[in-house]
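Below is one structure, written out as structure tokens; the observations come after it.
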């Protein structure tokens, strides 16, 4: 793309300095206020009407080239703006995905805390029920207390993770 623009600019510079006008099957070259044919100055030999027509044609060609250059600059500016917009869109999309991921993570941590709380309450209720009925041996009671302690620690860890998030 850069090479294309460079070549196009180079050609434009050449045409700005010399406009080629085709009139009556002949190609005239207009440089500033002089008209050349096959490299020779023919300004003085041409009729006034022919000169005016060639200068008008050269002016039209120059105007068309100026419009074309302006359009190319505008296209380049729009392309840059488009790239900038795409970049901003990608950045926003990335931020959105990050926020979604963080939200999912937080929801997962909340669910984890809820599940561990339910599990602990259920285990405590079962322990209390068995203890109340007198169906726990000292060994079983020690095991239940250890299990409850582990569940309590896991719940505390889950709450800490949620709080740190």
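A short reminder: the numbers here are calculations on the coordinates, not readings from a lab. None of the values given here were measured: they were computed from a predicted structure. Cβ coordinates were reconstructed from backbone atoms using ideal geometry, including for glycine residues, and neighbour counts include every protein chain displayed.
Return the FRET efficiency for the residue pair residue 49, residue 70: r is the Cβ-Cβ distance, R0 is 45 Å, and the value is rounded to the nearest 0.05.
On the way: r = 31 Å, r/R0 = 0.70.
Rounded to the nearest 0.05, the efficiency is 0.90.
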Tell me, in nm to one decimal, what length is gained between residue 80 and residue 148 on full extension, where the rule is 0.36 nm per residue of separation less the Cα-Cα distance?
18.1 nm
In percent, how large is the relative contact order of the chain, given Cα pairs closer than 8 Å and 6 or more residues apart?
14
Checking 123, 85, 58 against a Gaussian network model of the chain (alpha-carbon springs below 10 Å), the top fluctuating residue turns out to be 123
Angle between the chain longest axis and helix 2-17 axis [Cα atoms, degrees, rounded to 10]:
20
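Please state the relative contact order of region 24-92 as a whole percent: Cα pairs under 8 Å, 6+ residues apart?
Working: 22 pairs, mean separation 10.5, N = 69.
Answer for region 24-92 is 15 percent.
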If I fit a long axis through the Cα atoms of helix 48-133 and take the longest principal axis of the Cα atoms of the chain, what angle between them do I get, 0 to 90°, rounded to 10?
0
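What FRET efficiency, computed as 1/(1 + (r/R0)^6) with R0 = 35 Å and r the Cβ-Cβ distance, is obtained for residue 164 and residue 89, rounded to the nearest 0.05? Each step should come with its number before you reach the end.
Details: r = 33 Å, r/R0 = 0.93.
The calculated FRET efficiency here is 0.60.
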What angle, in degrees between 0 and 90 and rounded to the nearest 10, separates the Cα long axis of helix 138-164 from the longest principal axis of the Cα atoms of the chain?
20
Options (1) 18.0; (2) 9.2; (3) 10.0 for mean projected area of the Cα convex hull in nm²; the value derived from the coordinates is listed as (1)
The exposure ranking of 35, 61, fewest beta-carbon neighbours within 10 Å first, is 61, 35
Any idea how far the Cα center of region 115-147 sits from the one of region 37-69, in Å?
105
Can you compute the modelled spin-label distance between residue 20 and residue 137, with each label point 7 Å from Cα toward Cβ, in nm?
10.9
